[in-house]
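See below for the structure under consideration.
The values are calculated or read from the model by the stated rules, or taken from the named source; none is laboratory data. A quick note: this is a predicted structure, and the numbers were derived from the prediction, not measured. Here Cβ is always computed from backbone atoms with ideal geometry, including for glycine, and neighbour counts include all displayed protein chains. Surface areas here come from the heavy atoms of the whole protein model, side chains and all, with no ligands, DNA or RNA. Shrake-Rupley method; radii C 1.70, N 1.55, O 1.52, S 1.80 Å.
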Amino acid sequence: MTIERTLLQERLINIIRRFPQRQILVVGDSVADQFIYGAITRVSREAPVFILRHEHTETTPGGAANCAANLAALGASVALASVTGDDEAGRALREKLTAAGVDCAGVFASPKLNTTTKVRILAGQLHSTRQQVIRIDYEGSILDDAELRAQLQEQVRGQADASDAVIISDYNYGVADKQMAEVIQRATQPKSTPVIVDSRFQLSRFKNFTSATPNEDEVENILGHPIIDAQKFEATAEELRERLGYRALLVTRGGHGMILFEDGVAALPIAAVGAREPVDVTGAGDTVIATYTLALASDASFPDAARLANYAGGLVVMKRGTATITSEELTDSVLKT
């Protein structure tokens with residue numbers, strides 16, 4: 001092991017040690033991720049399909065809620081500004097978040113909305129590993145309640161001032177709309193609080209913030225065409241960073257790791273860590289942005305924050321379902337790799 005590597009590890013570990021001292025605000029669309037586990041018993045007489053004997057059902061935080069849960073697991077103080085339906089899935093979601101230590105004072109339950117729920121059926125033989133066989137999405141309504149929107153905005157104004165960083169987690173259900181982006185921008189400007197964006201479909205709507213964490217597909221969707229040539233991709237991603245007005249853009253590339261594009265600095269490729277074949281990539285992007293943002297809030301440089309996010313991503317894809325990682329797991333990964 002080289003001295004340089006030892007110094008890098010020590011620097012990353014010192015950043016992780018500062019995690020419990022940080023307060024992060026997450027603003028965005030919460031999703032209930034539901035996993036239904038069953039054992040295959042026989043083939044149905046009614047149709048050529050397997051019959052599953054139900055074993056158990058788990059509901060875990062997804063979307064912005066998963067991002068908040070990851071921050072709490074890493075040791076930060078976390079507040080979430082979001083909405084759910086006043087339904088069973090919403091109640092289960094809020095209970096899980098509260099149990100995880102997330103401040104849910106800004107999570108509003110509306111009888112006018114249904115909680116967006118993604119149901120995954122996992123099946124297998126009696127003593128085998130359960131594998132996902134189908135996903136059923138119950139799409140929630142787009143937030144169009146003016147009164148509820150005003151309450152959310154007021155909550156964000158109050159909590160942003162006390163936060164060391166803000167995450168916008170946009171899954172296109174209306175919480176992180178243009179108005180909310182403007183509210184966050186005004187609330188964070190006085191202290192130059194870092195704002196990091198994860199937008200599944202509308203990254204171009206969130207301009208002039210600190211950074212964002214799109215994956216390759218999302219970058220190509222913004223550009224409107226695929227980019228096969230690596231050199232062309234780097235040049236185009238850098239142009240995108242400039243066009244969006246970000247100080248840095250962290251592009252995730254699955255098994256190929258990440259590339260960091262920072263203002264005035266050459267692109268930094270970061271090789272993937274951990275096993276080559278992931279167990280489950282569900283919610284990995286939420287873990288990445290949570291770790292990246294928390295590291296930046298803990299005085300990390302963009303490269304060091306990206307490196308820690310890369311370690312976190314490598315850990316969480318080896319867990320089944322929508323999962324979180326702890327600061328102890330992150331530290332252990334830094335020391336072993």
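Rounded, prolate or oblate: which one fits segment 238-312, using the alpha carbon gyration tensor with axes a ≥ b ≥ c (rounded when a/c is under 1.5, else prolate when a/b beats b/c, else oblate)? Please list the in-between numbers first.
On the way: a/c = 1.87, a/b = 1.50, b/c = 1.25.
It is prolate, given that a/c is not under 1.5 and a/b is the larger ratio.
If you build a Gaussian network model of the chain, linking Cα atoms that sit under 10 Å apart, which residue out of THR282, THR57, THR117 swings the most?
Result for the chain, Cα springs under 10 Å: THR57 fluctuates most.
When the accessible area of segment 166-215 is computed with all protein chains present and a 1.4 Å probe, what percentage of it is carbon and sulfur?
42 percent
For segment 1-120, what does the accessible surface come to per residue with a 1.4 Å probe? Please give it in Å².
On the way: 5550 Å² over 120 residues.
On a per-residue basis, segment 1-120 sits at 46 Å².
Counting DSSP beta bridges with both partners in the chain, what percentage is antiparallel, nearest 5?
Values: 28 of 62 bridges.
In the chain, approximately 45 percent of DSSP beta bridges are antiparallel ones.
Would you mind classifying segment 195-337 by shape? Square roots of the alpha carbon gyration tensor eigenvalues, ordered a ≥ b ≥ c; an a/c under 1.5 is rounded, otherwise it is prolate if a/b is larger than b/c and oblate if not. Walk me through the numbers on the way to the answer.
Working: a/c = 1.66, a/b = 1.43, b/c = 1.16.
Cα axes put segment 195-337 in the prolate bin.
Which lysines, if any, have their Cα less than 30 Å from the Cα of LYS319, not counting same-chain residues under 8 positions apart?
LYS96, LYS118, LYS336
What share of the DSSP beta bridges in segment 16-127 is antiparallel, in percent to the nearest 5?
Here the share of antiparallel DSSP bridges comes out near 40 percent.
Evaluate the charge dipole of the chain about its Cα centre and quote only its size in Debye, nearest 20, assuming +1 on the Cβ of each Lys and Arg and -1 on the Cβ of each Asp and Glu.
On the way: 34 positive and 43 negative charges, 115 e Å.
Dipole magnitude for the chain comes out near 560 debye.
First measure r as the distance between the Cβ atoms of LYS178 and ASP217, then evaluate 1/(1 + (r/R0)^6) with R0 = 22 Å and state the FRET efficiency to the nearest 0.05.
Working: r = 23 Å, r/R0 = 1.06.
It comes out at approximately 0.40.
Whenever you get a sec, compute what percent of the accessible area on segment 1-152 sits on carbon and sulfur atoms (1.4 Å probe). Please report the intermediate quantities before stating the final value.
Values: 4050 of 7720 Å².
Carbon and sulfur: 52 percent of the exposed surface of segment 1-152.
FRET efficiency for VAL265 and VAL133, Cβ-Cβ distance as r, R0 = 45 Å, nearest 0.05?
Details: r = 45 Å, r/R0 = 1.00.
The value I calculate is 0.50.
Which cross-chain or sequence-distant (5 or more) residues have an amide H under 5 Å from the amide H of GLY257, H modelled 1.01 Å from N in plane?
Those lying under 5 Å, H to H, from GLY257 are ALA272.
Once you have the Kirkwood Rh of segment 1-132 from its Cα pairs, apply Stokes-Einstein at 4 °C and 1.567 mPa s and quote D in µm²/s. Before the final figure, lay out each step's value.
On the way: Rh = 17.4 Å.
For these conditions, the coefficient is 75 µm²/s.
Calculate what fraction, in whole %, of the accessible area of segment 265-337 sits on carbon and sulfur atoms when a 1.4 Å probe is rolled over the protein chains. All intermediate terms of the calculation are to be shown ahead of the outcome.
Details: 1590 of 2860 Å².
So the carbon and sulfur contribution to the accessible surface is 56 percent.
Could you name the lysines whose alpha carbon sits less than 18 Å from that of LYS232, not counting residues in the same chain fewer than 8 places away?
Once the sequence-local lysines are set aside, nothing remains near LYS232.
Connecting C-alpha atoms closer than 10 Å in a GNM of the chain, tell me which of GLY90, GLY264, GLY314 has the biggest fluctuation.
GLY264
In whole angstrom, how far apart do the alpha carbon centroids of segment 1-73 and segment 129-187 sit?
After rounding, the separation between the Cα centres reads 19 Å.
Can you pull out the trypsin sites (Lys or Arg not before Pro) in segment 187-229 whose DSSP state is coil and whose Cβ has at most 12 other Cβ atoms within 10 Å? Provide the component values of the computation, followed by the final result.
On the way: sites: LYS191, ARG200, ARG205, LYS207; in loops: LYS191, ARG200, LYS207.
The qualifying sites are LYS191.
Most mobile of ARG247, ARG320, ARG42 per a Gaussian network model of the chain (Cα springs, under 10 Å)?
ARG42
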